[in-house]
Amino acid sequence: MNFAGKSVVVVGGTSGINRGIAEAFAAAGAKVAVASRSQEKVDDTVAALRVAGAEEAIGEVFDVRDHEAVASALKRFHQDFGEFDVLVSGAAGNFPALAAEMSVNAFKAVIDIDLMGTIHVMKGAYPYLKRPGASIINISAPQSYLPYEGQAHVCAAKAGVDQITRTLSMEWGMEGIRVNSVVPGFIEDTEGARRLAPTPQAGEQLRKDVPLGRWGTTKDVADACLFLSSDMASYVSGTVLAVDGALYQRGSGKFGQMMGDMLRAQVKA
Ligand code: HXC
Ligand code: NAP
């Protein structure tokens, strides 16, 4: 994969899966821009992207819930990098909580970050996307189509993200812009996995629920993003690509039930 001369923007690209994606594009020679809420994480990532081989690396600090801040930062990326060849939207928030125990504001926080954040990023980037040729990737989650107890907020938000993907693949397809979602399965050594499977027992149950018998890696997800943004995927748009070791085929599995039981036990205690 050679992305020399290409401009890549990864929103939420300063840790975990999204940082792995940003570093993979950097290693493929791209100019890479990242953004998130923490200046420290942005600075650390930009330095790492340069070491990884990025032609250029820059960063901005914003909260995806602030659509004006998102639009201004994307404008600055465009001033520095020119048209965007690749846009990855991956900022997200998650905590396990039963709906009855969650405040309305807690539910809304995740909707605002994951769902509203996605449309803020896509609309903010729209004027600067390369036409024809841009590849947009929204980072979704199995919760988009698998119901998990304790995840009503995330399930609702990520299902919305994938419907935005499908709808805008039609609206923007005529301009030569491809829009896809990538659904990581459970990815080792990430904040999301630590929050959902906080004990070794939960982690082991999760692994057993995956037909391929292992957790995913950030590289597994990054490789899919490189493919989707390459010429090899030039006719792939509107798809929701699971990189999940076939997790979907077994549904939310025993792990899903275990999570509901754990949360109910916490409420009783
Ligand atoms: C119940 C909670 C809660 C919890 C927060 N809240 N944590 N409610 N259980 N564990 C409530 C708060 O009380 C508050 O409601 C509301 O949520 C907003 O919380 P704040 O702390 O004010 O919000 P904020 O500072 O904006 O932080 C957002 C966040 C936080 C989502 C709550 O955790 C965050 O910034 N997360 C980003 C990192 C992250 O989550 N990474 C994992 C992504 S993985 P009240 O009513 O008190 O105002 C992922 C899917 C992974 O997305 C798939 C799994 C494999
Ligand atoms: P992570 O390390 O917490 O990454 C989240 C990123 O988004 C960070 O860079 C974070 O940086 C940024 N971010 C969070 N809230 C933000 C906000 N309001 N505005 C701007 N940036 C924000 O989590 P992860 O586990 O790697 O997850 C990454 C993506 O993969 C998410 O979309 C998640 O839903 C998806 N996913 C993860 C898994 C998994 O196994 N981990 C499985 C399926 C899907 P700041 O803190 O600096 O803002």
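The values are calculated or read from the model by the stated rules, or taken from the named source; none is laboratory data. Bear in mind the structure is a predicted one, so any value in this text is a computation, not a measurement. Positions of Cβ are generated from backbone atoms using ideal geometry, with glycine treated the same way; all protein chains shown enter the neighbour counts. SASA here: full protein model, heavy atoms, side chains in, ligands and nucleic acids out. Shrake-Rupley method; radii C 1.70, N 1.55, O 1.52, S 1.80 Å.
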Using +1 at the Cβ of each Lys and Arg and -1 at the Cβ of each Asp and Glu in the chain, identify which of C155, N94, V70 lies farthest towards the dipole's positive end.
C155
For a quick check: with amide H placed at 1.01 Å from N, whose amide H comes under 5 Å from N138's, ignoring anything fewer than 5 positions away on the same chain?
S89, N180, S181, V182
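Run the numbers on the chain and let me know its relative contact order in percent, using alpha-carbon pairs under 8 Å that are six or more apart.
Values: 553 pairs, mean separation 49.2, N = 269.
Answer for the chain is 18 percent.
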Phi angles of segment 102-107, converted by Karplus (6.51 cos²θ - 1.76 cosθ + 1.60, θ = phi - 60°) into ³J(HN,Hα) in whole Hz with x for Gly and Pro, give 9, 6, 4, 5, 5, 4
Would you mind checking which residues have amide H under 5 Å from L129's amide H? H placed 1.01 Å from N; only 5 or more apart, or other chain.
F84
Of I137, I111, which has the most accessible area with a 1.4 Å probe, and how do the rest follow in descending order?
I111, I137
Measuring from centroid to centroid over Cα atoms, what is the spacing of segment 153-190 and segment 42-109 in Å?
15
In debye, nearest 20: dipole of segment 62-141 around its Cα centre with unit charges on the Cβ of K, R (+) and D, E (-)?
240
Placed amide H near G150: partners under 5 Å, 5+ positions off or other chain:
A99
Cα-centred dipole magnitude for segment 215-265, charges only on beta-carbon of K, R (+1) and D, E (-1), debye, nearest 20:
280
In the chain, taking the dipole from +1 charges on Lys and Arg beta carbons and -1 charges on Asp and Glu beta carbons about the Cα centre, the listed residue (V210, I136, V46) farthest towards the positive end is V210
Lys/Arg Cβ at +1, Asp/Glu Cβ at -1, dipole of the chain taken about the Cα centre: which of A28, L263, V183 is farthest positive-ward?
L263
Test of understanding: extend the Cα→C-beta vector of A100 to 7 Å, then name every residue of segment 138-171 with backbone N under 20 Å from that spot.
147-156
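Where the only charges are on Cβ atoms (+1 Lys, Arg; -1 Asp, Glu), what is the dipole of segment 1-117 about its Cα centre, to the nearest 20 debye?
In total the dipole reaches around 100 debye.
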